[in-house]
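Reading through the structure tokens given below for one structure.
Every number here is computed from the coordinates shown, using simple stated rules; none is lab data. Since we're looking at a predicted model, the values are computed, not measured. Glycine also receives a Cβ, built like all others from the backbone with ideal geometry; neighbour counts cover every protein chain displayed.
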Amino acid sequence: MQNPTEYRYTKDHEWVQASGKTLRVGITEYAQHELGDVVFIDLPAVGATVSQGKAFSVVESVKAASDIYAPISGKVTLRNEKLTDNPELVNSSPFQDGWIAEIEASDTNELSKLMSAEDYTKYVAGISK
Amino acid sequence: MEENLKRTPLYDAHKRLGAKFVGFGGWEMPVSYTSMIEEHVNTRENVSLFDVSHMGEVFVSGKNALKALQHLTTNDVSKLAIGRAQYSVLANEKGGAVDDIIVYRLGENDYLVCVNASNREKDFQWMIQHNPYEAVIEDRSDAYAQIAIQGPKGAALFAKLLGMNPTEFSREKFPGFSVRKFPDEYKSIPLIAARTGYTGEDGFEVFLPAESAEKMWQGLLDIGAEFNVKPSGLAARDTLRLEACLCLYGHELSDDRDILSAGLGWVTKFDKEEFIGKAALEAINKSGVQEKLCGFEVVDPGIVREGAEVFDASGALVGKVTSGTKPPTVGKAIAMAYVPVKYSQPGSELFAEVRGKKLRMRGVPIPFYKRSK
């Protein structure tokens, strides 16, 4: 699975997609593969304030719970309710149907701190050795 | 990964199959090959292979073997006919568990004790230090590998490997908890096969020489396509055993907690003349246990895991979760915990704390899963 070029990426394997002012976020293919089967997602509350780099959600595999860090700061406007009954979407479609939440960004300049698809792909190749 | 982890004879085979590895009890073991959920479901529906070579094999023999084992274990070894096996406990003087084990009687004065990987050294030392009858006790763990074949199609797969009629492996002909030697049916590799397991499914645990493990492992995979055989890792092993409410040492069992609280009264035979821990366990049996190991379904959204604190409705801390996850067959978050006897009835409502939130749990009858036949 390729890392979509229109997204930006964090070192903790979250992605963010810009579509207007609300930015959709999720975790990458690499992250879902490392986690294994996802069985539960603690989705953030709509209206919650999030800060770039701070934990805003938890994805649970059978073995462990993993914090998910907000790739950008702002307010949660929408959460992917489908994940309540179908947490496995995070595994099968991490970049599309497995999205976690939409965030109204408080500062879109924060996106420049994140990696491009090309840089993220190189980064993952480096840590996978 | 920790340093200096040991590897079983099947390590290379797991690598070739693309397994992900994890450190467990000092061993580098496959945690999964494809996905834990797939491996778990395949075990319940078809058949899976587990490399359990990290477990230990201690042989007890000689004319005082029975006496020695009666002294060391809580169950009644005198009830074991040749070719039979029993689940049991090596208890300490307080009635806690040094380890939970299976004792297999292979011959007149010839017993195999299978011990947990994490307790290999400890158990062997314990046994030789508590051997007043001077039975011959040998740790042959390094010489043996162990492959578990688990699932409803396990008997058919094993029969095919041995070139035998599957009717020879019916439950009538080869009952559960019986053990048999197959010295040359499979490529002249001496096998000891028992109809035991740790998944809640039918199946076999096969002990064989370490140097032949890869051959048998590959042999099973090569002929097993018609049964949908798949290798399965420790992640699935844990979810399977939890659904079946089988104890895991270090979680439900430990040196410090009496085994009667764990519900192991059924392998504690008080009419035996003596055994280590008998006095302590008799006293507990008489006065009643204070806490009981119970099963819970998590009612609120979330997953409750080992170590989570358990509270009652008034907010008092009443226990701790020993194991918990959301396993595929049961399909809901479940947990096991020791709680005061007054909360041990199914239907009891307690609360487990997860990341600062209290999740409601309801006591349910165990096991969470029972196979249909």
DSSP loop GluC sites (Glu not before Pro) in the stretch B:116-177 with at most 15 other Cβ atoms within 10 Å of their Cβ, which ones? B:Glu134, B:Glu172
Using a Förster distance of 35 angstrom, determine the FRET efficiency expected from the C-beta separation of A:Met1 and B:His251, and round it to 0.05. 0.45
Rg/Rh for the protein assembly as shown, where both radii come from Cα atoms and Rh is the Kirkwood radius: 1.02
The answer for the per residue Cα convex hull volume of the stretch B:242-301, in Å³, is 113 Å³
Amide H neighbours of A:Val58 under 5 Å, at least 5 residues apart or on other chains, H built in the peptide plane: list them. A:Asp42, A:Ile68
In terms of modelled amide H atoms, which long-range or inter-chain residues lie less than 5 Å from the amide H of B:Lys320? B:Val310, B:Tyr338
I need the fraction of alpha carbon pairs in chain B separated by more than 38 Å, rounded to a whole percent. 18 percent
Just round it to a whole percent: the fraction of Cα-Cα distances in the stretch B:241-373 exceeding 27 Å. 22 percent
Exposed-loop cut sites defined as GluC sites (Glu not before Pro) in DSSP loop states with at most 14 other Cβ within 10 angstrom; longest site-free run of chain A spans A:7-80
Quick one: Cα convex hull volume of the stretch B:115-243, Å³ per residue? 135 Å³
Averaged across A:38-44, how many Cβ atoms of other chains sit within 10 Å of each residue's Cβ atom? 4
Treat each spin label as a single point 7 Å out from the Cα along the C-beta direction, and report the B:Tyr133 to B:Arg362 distance in nm. 4.9 nm
Hey, rough spin-label estimate for B:Lys79 and A:Ser128, points 7 angstrom out along Cα→Cβ, what's it come to in nanometres? 5.5 nm
Excluding near-sequence neighbours (fewer than 8 apart on one chain), chain A holds lysine pairs with C-alpha atoms under 21 Å apart numbering 11
So the FRET efficiency between B:Lys122 and A:Glu118, C-beta based with R0 = 51 Å and rounded to 0.05, is 0.45
Two decimals, Cα atoms only, Kirkwood Rh: what is Rg/Rh over the stretch A:1-105? 0.92
Using a basic spin-label model with each label point 7 Å from the Cα along Cα→Cβ, how many nm lie between B:Ser314 and A:Leu78? 4.9 nm
I'd like the FRET efficiency for B:Asp142 and A:Glu104, computed as 1/(1 + (r/R0)^6) with the beta carbon distance as r and R0 of 51 Å, rounded to 0.05. 0.25
Please give the calculated 222 nm ellipticity per residue for the protein assembly as shown, where each DSSP H segment of at least 4 residues contributes -39500 (n - 2.57) and the sum is spread over every residue; nearest 500 deg cm²/dmol? -5500 deg cm²/dmol
In debye to the nearest 20, how big a dipole does chain B give about its Cα centre with +1 on each Lys and Arg Cβ and -1 on each Asp and Glu Cβ? 960 debye
Zone residues, the stretch B:71-103, relative to B:Glu274, backbone N less than 11 Å from point 7 Å out along Cα-to-Cβ: B:71
Straight-distance crosslink candidates among lysines, where the alpha carbon sits under 18 Å from B:Lys187 and sequence neighbours closer than 8 are dropped: B:Lys160, B:Lys215
Hey, what do the phi angles of the stretch B:366-371 turn into as Karplus ³J(HN,Hα) couplings, whole Hz, using 6.51/-1.76/1.60 and θ = phi - 60°, x for Gly and Pro? 10, x, 5, 10, 9, 5
Looking at the stretch B:70-181, what % of the alpha carbon pairs are farther apart than 23 Å? 37 percent
Identify all lysines with a Cα-Cα distance to B:Lys63 below 28 Å; exclude those on the same chain that are fewer than 8 residues away in sequence. B:Lys79, B:Lys122, B:Lys181, B:Lys269, B:Lys272, B:Lys278
